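Have a look at the structure below before the remarks.
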Amino acid sequence: MKNLFTPENAAMLLIDHQIGTMGWVRSAKLSDIEMNTIVLAKAAKATNIPLVLTASMEDQAQGPLFDKLQKTVPEAYAQRVLRAGQVDCMMDDHFVKAVQATGRKKLIMAGITTDVCIVYPAITAVEEGYQVQVVVDACGSPTALADQIALRRMENAGVTLTTTNQLIAELAQNWGSAHGSKLIGILFEDVLSKL
């Protein structure tokens with residue numbers, strides 16, 4: 001397969017997984033979204049994929065990033081990009097600088113909500129020349145329809161839609177490799193053991 005996303009060429013952007021906005025999600029089970037978000041964060045940490053976290057208006061209804069994410073990647077949490085309400089984080093100068101500082105042109109994105117906080121930055125990133133994969137099962141919206149329309153809109157704009165398991169397999173490519181053995185361990189611990 002050509003054009004793979006790998007730990008050496010991709011960056012991970014986890015956007016607005018905040019306790020307030022997560023409470024608005026009805027398109028998927030919140031526990032599944034949290035689990036998949038943690039798998040993504042652990043995968044980035046284990047394979048040295050640059051990880052950028054961002055949150056909008058933490059002192060308002062959106063609240064802080066959820067606690068388990070903070071504790072899983074405390075270094076990234078400490079360096080999170082705080083936004084003052086910018087809906088499209090790819091239009092926030094501080095966030096754009098953090099993304100550019102990764103030196104990567106392949107972006108893995110997930111966040112809450114799909115229909116507001118992911119659709120716009122994913123499309124903007126594609127328009128800016130990035131290759132983007134959105135990890136759908138680490139995202140969610142207030143309604144299933146809102147999610148479906150956002151996903152269609154992103155796909156029509158050139159965003160690749162994926163799931164946590166698909167992405168982890170793509171990053172690994174070989175479960176016997178150094179990265180692959182770390183990633184399969186994360187999948188077993190956080191996903192497969194809970195099925």
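The values are calculated or read from the model by the stated rules, or taken from the named source; none is laboratory data. Remember, it's a predicted structure, so these values are computed and weren't measured experimentally. Glycine also receives a Cβ, built like all others from the backbone with ideal geometry; neighbour counts cover every protein chain displayed. Side chains included, ligands, DNA and RNA excluded: accessible areas come from the protein's heavy atoms. Shrake-Rupley method; radii C 1.70, N 1.55, O 1.52, S 1.80 Å.
Table for the structure above
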| quantity | calculated |
| --- | --- |
| Area accessible to solvent at TRP24, 1.4 Å probe radius, in Å² | 120 |
| Proximal lysines to LYS71, defined as alpha-carbon separation beneath 22 angstrom and excluding residues fewer than eight positions away on the same chain | LYS29, LYS42, LYS45, LYS182, LYS194 |
| Whole-Å distance, taken between Cα centres, linking the stretch 1-73 and the stretch 148-195 | 13 |
| Relative contact order %, the chain, counting alpha carbon pairs below 8 Å whose residues are six or more apart | 27 |
| Expected 222 nm ellipticity per residue - DSSP helices of 4 or more, -39500 (n - 2.57), all of the chain, to 500 | -12500 deg cm²/dmol |
| Relative contact order of the stretch 11-110, pairs being alpha-carbon contacts under 8 Å that are 6 or more residues apart, as % | 39 |
| Spatially proximal lysines relative to LYS97 (Cα-Cα < 19 Å; intrachain offsets below 8 disregarded) | LYS105, LYS106 |
| Under the Karplus curve 6.51 cos²θ - 1.76 cosθ + 1.60, θ = phi - 60°, whole-Hz ³J(HN,Hα) for the stretch 32-48, x wherever Gly or Pro sits | 5, 4, 4, 4, 5, 5, 5, 4, 4, 4, 5, 5, 4, 5, 5, 10, 6 |
| Cα-centre dipole for the chain with unit charges at Cβ (Lys and Arg positive, Asp and Glu negative), debye to 20 | 400 |
| Shape of the stretch 1-74, Cα gyration tensor, a/c cut at 1.5 | prolate |
| Where labels lie 7 Å past Cα in the beta-carbon direction, separation of LEU161 and ALA78 in nm | 3.9 |
| Backbone HN-Hα couplings from phi across the stretch 190-195 [Karplus 6.51/-1.76/1.60, Hz, Gly and Pro as x] | 9, 10, 5, 6, 9, 6 |
| Ordering of 2-9, 102-109 by burial proxy (mean other Cβ atoms within 10 Å per residue, highest first) | 102-109, 2-9 |
| Distance between modelled label sites at GLU8 and ILE149, nm, 7 Å Cα→Cβ extension | 4.3 |
| Options CYS117, THR102, THR47, ranked by Cα towards positive dipole end of the stretch 45-195, top entry (Cβ charges) | THR47 |
| Label-point separation, SER177 to VAL87 (7 Å along Cα→Cβ), nm | 3.9 |
